[in-house]
Amino acid sequence: MKKTIITISREFGSGGHFIGEEVAKRMNIPYYDKDIIFQIAEKTGYSESFIQEQSEYAPSKNLFAYAFVGRDRTGSSLSDQVYAAQTQVIRDLAQKGSCVIIGRCADYILKDTEGIQLVRAFIYAPNDVRVHNIMESHNLSEKDAKLLLDEKDKRYH
């Protein structure tokens, strides 16, 4: 029997985290989100805050700037090392059994994996819903929630 791996990509504030938790609970399968960061940090030796920053945002949006990213003697950048560890952690989780994985490019990493049934979802919501969710989850005023949403959206675009 194939393992079912559900990957959920989402817009910040859309509720993807909560949807993923609920799906995992209803299917009685493991749920992986921020604990992946801990596993990557363990594998690389980098701090969890560094891993969070590196694995959430691309180092640069243009190829020219990517050429100037610091690299080690093998030619590998820190971002490359984090991505390689992230890839291995996600593949290891998928091999263990059915699960829900939130973000971290899991849909891309697992797209050609044999022996699994991959279900990919993208969760989005109108901005007013996202602002409301951010206000509740981060205990922020509407003004601060809108500022945080704008900041996060700028990083992704």
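The values are calculated or read from the model by the stated rules, or taken from the named source; none is laboratory data. It should be emphasised that the depicted structure is a prediction, and the values quoted were computed from it without experimental measurement. Reconstructed Cβ throughout: ideal geometry from the backbone, glycine too, with neighbour counts over all protein chains shown. Heads up: the accessible areas ignore ligands, DNA and RNA and are worked out on the full protein's heavy atoms, side chains in. Shrake-Rupley method; radii C 1.70, N 1.55, O 1.52, S 1.80 Å.
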Condition set open to solvent by 40 Å² or more (accessible area, probe 1.4 Å) and assigned to a loop (DSSP other than H, G, I, E, B), scope segment 121-157, selection nearest to Gly16 (Cα to Cα): answer is Tyr124
Under 8 Å by Cβ, and 6 or more places apart or on different chains, what pairs join a residue from segment 78-103 that is closer than 22 Å to Asn28 by Cβ and among the polar types (S, T, N, Q) with one that is assigned to a helix (DSSP H, G or I) and open to solvent by 20 Å² or more (accessible area, probe 1.4 Å)? Ser98/Met27
Residues of segment 2-33 being out of contact with any strand residue (DSSP E or B) (no Cβ under 8 Å at 6 or more places or on another chain) and under 26 Å from His132 (Cβ atoms), in sequence order, are Phe12, Gly13, Phe18, Glu22, Arg26
Reported set for segment 101-125 where residues are within 13 Å of Ile6 (Cβ to Cβ) and in contact with a Lys or Arg (Cβ under 9 Å, 6 or more places away or on another chain) is Ile102, Gly103, Ala106, Asp107, Leu110, Ile116, Gln117, Leu118, Arg120, Ala121, Phe122, Ile123
Within segment 80-119, of all residues that are within 13 Å of the chain's Cα centre (by Cα) and among the charged types (D, E, K, R), the one nearest to Phe38 (Cα to Cα) is Arg104
Matching residues in segment 86-120 - criterion: being open to solvent by 10 Å² or more (accessible area, probe 1.4 Å), part of a helix (DSSP H, G or I) and touching a strand residue (DSSP E or B) at 6+ places or on another chain (Cβ under 6 Å): Asp107
Residue pairs, Cβ under 8 Å, 6 or more apart or interchain, first in segment 34-51 and of a type in the set (Gly, Ala, Ser), second in a helix (DSSP H, G or I). List them. Ala41/Glu48; Ala41/Phe50; Ala41/Ile51; Ser47/Ala41
Given (1) modelled with pLDDT of 75 or more; (2) over 24 Å from Ile5 (Cβ atoms); (3) open to solvent by less than 60 Å² (accessible area, probe 1.4 Å), where does Ser49 come up short, assuming only one miss? (3)
Tally up the residues in segment 1-20 that are without any contact (Cβ under 8 Å) to a residue 24 or more places away in the chain and assigned to a helix (DSSP H, G or I), please. 1
